[in-house]
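Enquirer: Shown below is the structure under consideration.
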């Protein structure tokens with residue numbers, strides 16, 4: 001038997017370099033490009049209906065994505081639009097992950113703050129510290145007037 005004969009583990013090359021151009025599981029690709037921290041969370045995004053491929057909602061994490069597909073993901077209230085350039089072999093560092101996609105997410109409108117333009121009453125910027133007793137009274141008065 002030659003060394004090139006298919007052995008019991010011949011499917012191990014399915015995720016190798018030859019398969020990268022062919023396509024990849026959606027949950028695995030989302031994890032490789034660092035959209036989400038774990039592959040389980042990536043699968044959860046898909047099953048929750050927060051992922052679309054080419055404008056069609058995907059319900060199965062095993063959906064195959066191919067280079068050229070546009071993936072729209074809603075993560076923590078932010079929508080990201082990513083065009084798949086290639087599949088990955090591993091979950092590498094962020095600079096390596098950026099080579100796997102092109103970010104088509106539109107920029108936020110001018111003048112929008114970090115909350116996407118929505119300002120909420122009583123929300124303090126990070127680093128402002130805890131409200132003083134006077135600040136708390138003012139906030140309480142403001143909230144009572146709003147009712």
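Each value in this text was obtained by applying a stated rule to the coordinates, not by laboratory testing. Predicted, not measured: the structure shown is a model, and the values here were computed from it. Cβ sites come from the backbone with ideal geometry, for glycine too, and all protein chains shown count toward neighbours.
Residues checked against (1) assigned to a helix (DSSP H, G or I); (2) without any contact (Cβ under 8 Å) to a residue 24 or more places away in the chain; (3) surrounded by fewer than 15 Cβ atoms within 10 Å (Cβ to Cβ):
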site: 62; (1), (2), (3): no, no, yes
site: 68; (1), (2), (3): no, yes, yes
site: 71; (1), (2), (3): no, no, no
site: 74; (1), (2), (3): no, no, yes
site: 80; (1), (2), (3): no, no, no
site: 90; (1), (2), (3): no, no, yes
site: 95; (1), (2), (3): yes, yes, yes
site: 99; (1), (2), (3): yes, yes, yes
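Enquirer: For region 47-60, what are the residues that are under 14 Å from the mean Cα position of the chain (by Cα), free of Cβ contacts under 8 Å to residues at least 24 places away in the same chain and part of a loop (DSSP other than H, G, I, E, B)?
Expert: Of everything in region 47-60, those that are under 14 Å from the mean Cα position of the chain (by Cα), free of Cβ contacts under 8 Å to residues at least 24 places away in the same chain and part of a loop (DSSP other than H, G, I, E, B) turn out to be 48, 49.
Enquirer: For region 19-39, which positions are surrounded by fewer than 12 Cβ atoms within 10 Å (Cβ to Cβ) and either without any contact (Cβ under 8 Å) to a residue 24 or more places away in the chain or assigned to a strand (DSSP E or B) (or both)?
Expert: Once the filter is applied, which keeps residues that are surrounded by fewer than 12 Cβ atoms within 10 Å (Cβ to Cβ) and either without any contact (Cβ under 8 Å) to a residue 24 or more places away in the chain or assigned to a strand (DSSP E or B) (or both), region 19-39 yields 37, 38.
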